[in-house]
Amino acid sequence: MPSDMKCNIAQHHIPIKRITRQEKIKTNDMKKTLTTIAAAFMAFAGCITARADEGMWLPSLISQRITDMQEKGFRLSAEDIYSINQASLKDAVVLFGRGCTGELVSPEGLLLTNHHCGYSQIQQHSSVEHDYLRDGFWAMTREEELPNKGLTVSFLERMDDVTSIILKGYEPTMTEDQRVELVKNNSQALIEEVTKEGNGLRATVEALYYGNQYFLFLYREYSDVRLVGAPPSSIGKFGGETDNWMWPRHTGDFSMFRIYADKDNNPAPYSKDNVPYKPKKYFKVSTKGVKEGDFTFIYGFPGSTREYIHSEGVRYIEEISDPHKVHIRTLRLDIMNKYMGQSQAVRIQYSSKKAGVANAWKKWQGEMKGIRKMKTVATKQAYETAFKKWAKGTEYEGLVEKIDAIYRELEPYSYAADYYTETVRTVEIANAAMSVARIFSAETFDARRLEETLSAFYKDYHLPIDKECFIAVMNEYEKNMPAESKPEYYKAQMEKYGSIAAWAEDLFSNSIYADRAKAQTLTEADKEAVLADPAFIFFNEFLKWYSTEVLPHTRRLNQDLQLAYRDYMRGQMDFAEATDGKAGREAFYPDANLTLRVAYGKIQGYNPADGVYYEPSSTLTGIIEKDNPEIFDYNIPQNLRDIYAEKDFGRWADGNGEVPVCFIATNHTTGGNSGSPIIDADGNLIGINFDRVWEGTMSDIVFDPEICRNISLDVRYLLFVIDKVADADHLIEEMTLVD
Ligand code: ARG
Ligand code: ASP
């Protein structure tokens with residue numbers, strides 16, 4: 001929901017607007033001093049159009065925003081952003097793996113993304129002897145670039161509104177199940193049709209606005225993607241979990257890959273005969289530098305947002321889901337930290353796992369704080385009251401009440417599902433036992449797969465961590481799940497053992513997987529033992545319970561919700577148009593769903609708290625200030641210290657003699673935008689997005705233009721690190737630098 005509508009409808013919840021430095025000047029200049037009362041009055045009369053900077057727009061429809069973008073400083077055209085007739089910026093942006101973004105920066109397929117996006121690849125190539133996580137990795141020749149099994153990058157060839165094709169045959173009398181079936185069949189047919197050429201083509205059909213619209217996304221996917229370079233974690237993950245989601249920030253969060261193709265530039269599986277991919281378009285890299293107020297735009301694949309949900313949905317997140325999940329993860333993280341501090345081998349094993357656990361854990365904390373601070377639940381309730389009044393006598397009458405009722409019915413099931421995913425499903429030995437059991441239950445027994453599964457599991461497994469986590473999370477389960485929601489199996493086990501700790505003692509000594517040597521002697525003949533293993537039974541019994549007692553309910557209720565939201569989404573747009581005209585309707589952008597989007601805004605600081613203003617950029621001096629050899633997250637490489645002491649910054653220092661490191665801007669982003677190019681008014685690359693500020697992490701649910709900022713690596717820091725720290729300037733030579 002565009003923020004103006006969100007905050008203004010609720011008259012008495014209007015926050016007194018904090019005035020940032022930048023805005024102060026503007027405000028005085030324009031004498032635009034709206035009093036709170038006047039603002040509330042205006043809001044009641046109707047909402048103004050989308051406030052600057054909120055929104056993730058579809059590139060193929062960017063012509064609808066281009067005037068606004070140009071008024072804010074953009075100097076290119078809509079065709080430069082997205083075109084299917086000529087090379088455009090979209091051809092330089094890729095979906096990296098299935099959850100990050102990357103961008104091309106050379107005619108030889110060189111790609112930039114975040115360190116944390118390439119993290120599992122860097123980790124997979126690391127061992128105690130070659131600790132690329134700790135020491136960094138730089139391929140000095142093409143031969144040294146490292147292939148990555150399973151990693152792909154996808155270029156968007158085109159996107160089209162296919163609503164009429166997908167809903168062909170739809171009758172209003174159909175049930176939701178029938179509609180789902182129809183959408184599935186029509187989508188499949190269309191996907192087959194558009195990908196029949198093969199050659200790496202992959203397509204998806206995605207619902208926008210809860211299925212009021214459908215878009216086809218056609219990708220070309222490359223699967224030979226090699227690791228080219230990564231700074232040591234002390235640069236790429238500088239600040240670690242302590243600084244994650246925080247500003248001021250000093251993380252050099254980048255890594256480099258290269259896409260390879262066959263000799264005709266087509267996708268091909270890894271082969272040493274493949275050659276570097278020749279992109280249709282790549283970004284020029286700007287060394288000009290950024291300053292507060294500059295126009296910026298971001299091009300990438302935001303994963304998921306829920307900007308238009310009902311107050312009950314928000315309340316569940318803020319009051320129940322986030323707090324419980326955070327608490328459970330705190331326990332797990334404490335345990336991981338303890339063991340990781342004791343051994344380098346364990347630290348490598350659990351680094352990627354821990355980062356995953358810690359990341360959402362910290363974000364949820366910021367999110368619930370942000371929602372609370374913005375009083376989103378109350379604001380939404382007030383909006384819903386206004387909506388209900390307007391909806392009387394329309395097709396939307398009763399809709400808000402209906403959604404409310406569905407949420408109430410859903411809540412105990414969501415709670416059970418949250419507990420299940422955050423406790424039972426996190427037990428590593430049980431997950432491994434399940435994967436193995438699946439191999440034994442397959443029609444033909446695949447010994448190699450078994451081998452691979454087990455070695456992948458043990459490479460990163462430390463039983464004492466898993467066992468302690470089991471005890472911690474299952475104790476929470478015991479405490480917080482109402483008795484009537486617990487599976488019979490669970491109750492019987494508790495009866496038998498008397499405590500979670502005793503149960504764990506038994507499970508972790510009697511499971512086959514507790515003993516690597518024993519597990520690795522498993523053969524086809526051991527099926528019975530595999531299916532009788534206590535870790536497998538634990539997983540399987542809970543899975544059975546979840547599939548029968550929870551899933552059918554969440555599925556049905558979520559389907560009801562989906563259906564109601566489809567109408568509510570339309571209703572919200574109609575309501576906006578009724579009060580605000582065409583501009584009101586146009587302020588709606590579809591929620592993120594890992595499809596390519598454009599967001600735009602400007603470089604800008606913010607006030608995280610009363611009396612505090614954060615500048616929009618950070619420098620190497622800040623890294624030196626944080627540097628502390630005693631603290632793992634802040635212990636920088638010695639050569640960075642030396643370079644700083646000698647002020648050997650080469651051409652990468654700014655006008656003040658400082659090396660810029662990160663900057664923040666008002667672009668609306670979310671998870672998946674990591675690695676996205678941050679682009680200036682001329683379409684040149686100025687940074688790589690990697691995070692958001694903690695106070696603004698509620699932006700997936702409610703965007704506050706005063707506070708929500710995305711964090712990017714300044715591309716000049718990347719150049720500095722490659723040149724000065726890594727001595728890999730052959731990589732810079734491949735790029736086109738502009739100033
Ligand atoms: N918060 C960023 C994002 O959500 C970075 C995550 C990786 N870094 C970390 N310290 N866990 O992806
Ligand atoms: N760090 C996130 C990512 O990996 C970006 C964000 O959530 O702002 O996509």
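Every residue, every condition in (1) farther than 22 Å from Val346 by Cβ; (2) within 16 Å of ligand 2 (Cβ to nearest atom), yes or no:
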position: Asp80; (1), (2): yes, no
position: Asn85; (1), (2): yes, no
position: Val93; (1), (2): yes, yes
position: Thr101; (1), (2): yes, yes
position: Val105; (1), (2): yes, no
position: Asn114; (1), (2): yes, yes
position: Ser127; (1), (2): no, no
position: Tyr132; (1), (2): no, no
position: Asp135; (1), (2): no, no
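Please specify each residue of segment 682-737 satisfying the condition of being hydroxyl-bearing (Ser, Thr, Tyr) and within 16 Å of ligand 1 (Cβ to nearest atom).
First pass over segment 682-737, keeping only residues hydroxyl-bearing (Ser, Thr, Tyr): 697, 699, 712, 717, 736.
Within segment 682-737, Thr697, Ser699, Ser712 meet the criteria.
Leu133: within 16 Å of ligand 1 (Cβ to nearest atom) and over 28 Å from Lys281 (Cα atoms), yes or no?
Numbers: within 16 Å of ligand 1 (Cβ to nearest atom): yes; over 28 Å from Lys281 (Cα atoms): yes.
In short, yes.
Quick one: would you say Glu367 is within 16 Å of ligand 2 (Cβ to nearest atom), surrounded by 21 or more Cβ atoms within 10 Å (Cβ to Cβ) and closer than 14 Å to Gly313 by Cβ? Outline the logic, then answer.
Details: within 16 Å of ligand 2 (Cβ to nearest atom): yes; surrounded by 21 or more Cβ atoms within 10 Å (Cβ to Cβ): yes; closer than 14 Å to Gly313 by Cβ: yes.
Yes; evaluated as a whole, the condition is true for this residue.
Can you find a residue in segment 623-637 that is under 21 Å from His310 (Cα atoms), among the charged types (D, E, K, R), at pLDDT below 95 and out of contact with any Leu (no Cβ under 6 Å at 6 or more places or on another chain)?
As a first pass, look at segment 623-637 and keep what is under 21 Å from His310 (Cα atoms): none.
Looking through segment 623-637, none of the residues is under 21 Å from His310 (Cα atoms), among the charged types (D, E, K, R), at pLDDT below 95 and out of contact with any Leu (no Cβ under 6 Å at 6 or more places or on another chain).
Restricting attention to segment 307-358, report how many residues are within 18 Å of Ile471 (Cα to Cα) and more than 16 Å from ligand 2 (Cβ to nearest atom).
Residues in segment 307-358 being within 18 Å of Ile471 (Cα to Cα) and more than 16 Å from ligand 2 (Cβ to nearest atom): 16 in total.
Can you give me the number of residues within segment 358-372 that are more than 9 Å from ligand 1 (Cβ to nearest atom) and touching a residue at least 40 places away in the same chain (Cβ under 8 Å)?
Applying the first criterion (more than 9 Å from ligand 1 (Cβ to nearest atom)) to segment 358-372 yields 361, 364-372.
Retained after the next criterion (residues that are touching a residue at least 40 places away in the same chain (Cβ under 8 Å)): 364-372.
Qualifying residue count for the region: 9.
Restrict the check to segment 647-655 and report whether at least one residue is part of a helix (DSSP H, G or I), of a type in the set (Gly, Ala, Ser) and touching an Asp or Glu at 6+ places or on another chain (Cβ under 8 Å). Quick ask: steps written out before the conclusion?
Taking segment 647-655 and keeping what is part of a helix (DSSP H, G or I), we get 650-652.
Then keep just the ones that are of a type in the set (Gly, Ala, Ser); that gives 650.
Filter once more, keeping what is touching an Asp or Glu at 6+ places or on another chain (Cβ under 8 Å): 650.
Yes.
Could you give every pair whose Cβ atoms fall below 8 Å, whose first residue belongs to segment 718-733 and is charged (D, E, K, R), and whose second residue is crowded, with 18+ Cβ neighbours inside 10 Å, counting only separations of at least 6 or pairs across chains?
Pairs found: Asp723/Trp652; Lys724/Ile643; Lys724/Phe649; Lys724/Trp652; Asp727/Trp138; Asp729/Ile722.
Per-residue answers, yes or no, for (1) within 30 Å of His310 (Cβ to Cβ); (2) surrounded by fewer than 22 Cβ atoms within 10 Å (Cβ to Cβ); (3) aliphatic (A, V, I, L, M):
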{"site": "Gly655", "(1), (2), (3)": "no, yes, no"}
{"site": "Thr669", "(1), (2), (3)": "yes, no, no"}
{"site": "Asn673", "(1), (2), (3)": "yes, no, no"}
{"site": "Ser712", "(1), (2), (3)": "no, no, no"}
{"site": "Asp729", "(1), (2), (3)": "no, yes, no"}
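Give Phe238, Phe215 a once-over and let me know the one that is under 20 Å from the mean Cα position of the chain (by Cα) and either outside any strand (DSSP E or B) or away from ligand 1 (no atom under 14 Å from the Cβ) (or both).
Details: Phe215 fails: under 20 Å from the mean Cα position of the chain (by Cα).
So the residue among Phe238, Phe215 that is under 20 Å from the mean Cα position of the chain (by Cα) and either outside any strand (DSSP E or B) or away from ligand 1 (no atom under 14 Å from the Cβ) (or both) is Phe238.
Any residue that is more than 30 Å from Asp161 (Cα to Cα) and without any contact (Cβ under 8 Å) to a residue 40 or more places away in the chain - is there at least one of those in segment 647-655? Give the steps one after another, and end with the answer.
From segment 647-655, those more than 30 Å from Asp161 (Cα to Cα) are 647-655; that's our starting set.
Okay, now just the ones that are also without any contact (Cβ under 8 Å) to a residue 40 or more places away in the chain, so 647, 653.
For segment 647-655, residues more than 30 Å from Asp161 (Cα to Cα) and without any contact (Cβ under 8 Å) to a residue 40 or more places away in the chain: present.
State all residues of segment 421-450 that are acidic (Asp, Glu) and in contact (Cβ under 8 Å) with a residue 12 or more places away in the chain; if no residue qualifies, say none. Walk me through how you get there before you give the answer.
The initial filter retains those residues of segment 421-450 that are acidic (Asp, Glu), namely 422, 428, 443, 446.
Result: Glu422, Glu428.
Let me spell it out: the conditions are (1) within 16 Å of ligand 2 (Cβ to nearest atom); (2) surrounded by 23 or more Cβ atoms within 10 Å (Cβ to Cβ); (3) outside any loop (DSSP other than H, G, I, E, B), and Gly229 meets all of them except one. Which number is the exception?
(1)
Hey, among Glu384, Glu409, Glu401, Glu395, which residue is away from ligand 2 (no atom under 16 Å from the Cβ) and not in a helix (DSSP H, G or I)? It would help to see each step written out before you state the result.
Values: Glu384 fails: not in a helix (DSSP H, G or I); Glu409 fails: not in a helix (DSSP H, G or I); Glu401 fails: not in a helix (DSSP H, G or I).
Going through Glu384, Glu409, Glu401, Glu395 in turn, the sole match is Glu395.
Within segment 78-123, count every residue that is more than 16 Å from ligand 1 (Cβ to nearest atom) and outside any strand (DSSP E or B). Steps first, please.
Of the residues in segment 78-123, the ones more than 16 Å from ligand 1 (Cβ to nearest atom) are 78-94, 103-111.
Subsequent filtering for residues that are outside any strand (DSSP E or B) retains 78-92, 105-109.
Of the residues in that region, 20 qualify.
Could you tell me whether any residue of segment 261-268 is within 14 Å of ligand 2 (Cβ to nearest atom) and either modelled with pLDDT under 95 or not small (Gly, Ala, Ser) (or both)? Spell out how you get there, then give the answer.
Residues of segment 261-268 within 14 Å of ligand 2 (Cβ to nearest atom): none.
The answer is no, given that none of the residues of segment 261-268 is within 14 Å of ligand 2 (Cβ to nearest atom) and either modelled with pLDDT under 95 or not small (Gly, Ala, Ser) (or both).
Before we move on, is Lys325 touching a residue at least 40 places away in the same chain (Cβ under 8 Å) and either among the acidic types (Asp, Glu) or within 14 Å of ligand 1 (Cβ to nearest atom) (or both)? Spell out the reasoning first.
On the way: touching a residue at least 40 places away in the same chain (Cβ under 8 Å): yes; either among the acidic types (Asp, Glu) or within 14 Å of ligand 1 (Cβ to nearest atom) (or both): no.
No: the conditions fail for Lys325.
Quick one: would you say Tyr119 is touching a residue at least 12 places away in the same chain (Cβ under 8 Å), of a type in the set (Phe, Trp, Tyr), within 16 Å of ligand 2 (Cβ to nearest atom) and over 21 Å from Phe283 (Cβ atoms)?
Numbers: touching a residue at least 12 places away in the same chain (Cβ under 8 Å): yes; of a type in the set (Phe, Trp, Tyr): yes; within 16 Å of ligand 2 (Cβ to nearest atom): yes; over 21 Å from Phe283 (Cβ atoms): yes.
When the stated conditions are applied, Tyr119 passes them.
Which one of these does Phe649 not meet: (1) within 12 Å of ligand 2 (Cβ to nearest atom); (2) farther than 22 Å from Glu54 by Cβ; (3) of a type in the set (Phe, Trp, Tyr)?
Of (1) within 12 Å of ligand 2 (Cβ to nearest atom); (2) farther than 22 Å from Glu54 by Cβ; (3) of a type in the set (Phe, Trp, Tyr), only one is false for Phe649: (1).
The values are calculated or read from the model by the stated rules, or taken from the named source; none is laboratory data. All values derive from a computational prediction rather than experimental measurement. Here the Cβ is made from the backbone with ideal geometry for all residues, glycine too, and neighbour counts use every protein chain on show.
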